[in-house]
Structures are given as C-alpha cells and as structure tokens.
1. Return yes or no: is L96 surrounded by 14 or more Cβ atoms within 10 Å (Cβ to Cβ), closer than 15 Å to K2 by Cβ and either at pLDDT 65 or above or in contact with a Cys (Cβ under 7 Å, 6 or more places away or on another chain) (or both)?
2. Given segment 1-81, what helices (runs of 4 or more DSSP H) lie entirely inside it while holding 3 or more residues that are surrounded by 13 or more Cβ atoms within 10 Å (Cβ to Cβ), touching a Leu at 6+ places or on another chain (Cβ under 9 Å) and modelled with pLDDT of 90 or more?
3. State which residue pairs qualify: first residue touching a residue at least 40 places away in the same chain (Cβ under 8 Å) and inside segment 22-33, second residue β-branched (V, I, T) and in a helix (DSSP H, G or I) in any location, beta carbons under 7 Å apart, and separation of 6 or more residues or different chains.
4. Quick one: which of R20, R32, R53 is more than 14 Å from the chain's Cα centre (by Cα) and of a type in the set (D, E, K, R)?
Amino acid sequence: MKIVVLIGLPGSGKSTWLERQGAGGLSSDAIRKLLTDDEDNQTANARVFETLRYLLRQRLAIGREVTYVDATNLTASSAPPTSAWARSTVRGGGRLLRYAAGHLPRAQCRQAPRSS
C-alpha cells in the first residue's frame, strides 16, 4: 500500500496533476467543503484533518493499493500524512511517498484562480 502526499502552494497544480493521472484523492478542500459548505473556510481545519485521517485509515483498512492526499502539506503540522502517525499507519509493508507540485512560480500561485 502506498500513500502519496501531494505538496505545494495553493494553485501549484496538485489537483490538476491528480486529474491528469485519472486518480482520485483525499482532498482537504473537498472535505472542508463537505463540512463547512466552503472549501476556503479555514476555521474548521482540525475537523478537516481529523476527517482526512479517518478516511485514510479506512482506505488502508480495506486494502486500497494507492491513496493520494491532496492538501497543501507545507508544514509538519498541516501535513498529517507526513507525520509519525502516517509512518506507523503504513508500517505493515506500506510506503509513504511525496509528490511536490511546482508548476507555477510562488507569485503566480497567489494569483491563480482555484479550479475546484
């Protein structure tokens, strides 16, 4: 089993890369929208990442070969799958991989409209 963590600034191409791969992912934006009706609402981040961790555990429990995590993931505190928790989750033969999206310069990322 593999966990692939997408890392990059907002607008840097993480979701676009997933779409081009034809893959779905656990998206913090999608979870945020489900919980708060607004994918830009940052007031519920603890619940968003609690939900993301729950869904990741469920995917691993049912044996999904690959799980993509689509979130900014720039710091250890905002990137639950890069923590010791995730490493212990995949201890039974799983691998933790990271993909850094870097298609746009930082200034352009700030101006880029969100596609989802």
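1. Criteria not met by L96.
2. Correct list: 45-61.
3. Within 7 Å, the pairs are S28/V48.
4. On the way: R32 fails: more than 14 Å from the chain's Cα centre (by Cα); R53 fails: more than 14 Å from the chain's Cα centre (by Cα).
Within the list R20, R32, R53, the selection yields R20.
The values are calculated or read from the model by the stated rules, or taken from the named source; none is laboratory data. Note that the structure is predicted; figures quoted are calculated from it, not measured. Cβ: placed from backbone, ideal geometry, glycine included. Neighbour counts: every protein chain shown.
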